[in-house]
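Input: a single structure, listed below in structure tokens.
The values are calculated or read from the model by the stated rules, or taken from the named source; none is laboratory data. This is a predicted model, so every value here is computed, not measured. Here the Cβ positions follow ideal geometry from the backbone for every residue, glycine too, while neighbour counts run over all protein chains shown. Heads up: the accessible areas ignore ligands, DNA and RNA and are worked out on the full protein's heavy atoms, side chains in. Shrake-Rupley method; radii C 1.70, N 1.55, O 1.52, S 1.80 Å.
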Amino acid sequence: MDSAMHITFRDIPSSPAVEERIRESYEKLIRHHNDITSCRVVVSAPHRHQHKGRTYQINIDLVLPGGELVVNRDHGSDQSHEDVYIAIRDAFGAAERQLKEYNQRLHHKVKAHAN
């Protein structure tokens, strides 16, 4: 299914290289989950007075038939997220995990825990 994708930058200038990485990550995601109807990605770098470097926050909003998944990756004190590409990788990794869980619940393939 061809899905709509929107990328927004907040508190930072837009970057074609960052947009390309987001699109590549999204393409990998829809290869395994082609039921995504739309995707909205917000890249921001909120100013934090206590920290020396700026960490990036990635928000992904996925709309699926019958549901919506929201991924908020804000690692305020995680210095690895001073690199926007690592923040993107981690956010899309979390989206992948949430999609797998969503599909398992949708198809009733959730493991039952022993009592």
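Observations on the structure shown:
- In segment 71-82 there is at least one residue matching the filter, namely being at pLDDT 90 or above and open to solvent by less than 40 Å² (accessible area, probe 1.4 Å).
- When K109, K52, K100 are checked against the criterion of being assigned to a helix (DSSP H, G or I) and modelled with pLDDT under 95, a single residue qualifies: K100.
- Test result for I58, among the aliphatic types (A, V, I, L, M), within 18 Å of Y102 (Cα to Cα), open to solvent by less than 20 Å² (accessible area, probe 1.4 Å) and modelled with pLDDT of 80 or more: no
- Single residue of segment 3-32 satisfying the filter (among the basic types (K, R) and closer than 19 Å to E82 by Cβ) that is farthest from the chain's Cα centre (by Cα): R10
- Within segment 18-39, the set of residues being open to solvent by 90 Å² or more (accessible area, probe 1.4 Å) and in contact with a Leu (Cβ under 8 Å, 6 or more places away or on another chain) comprises H32 only.
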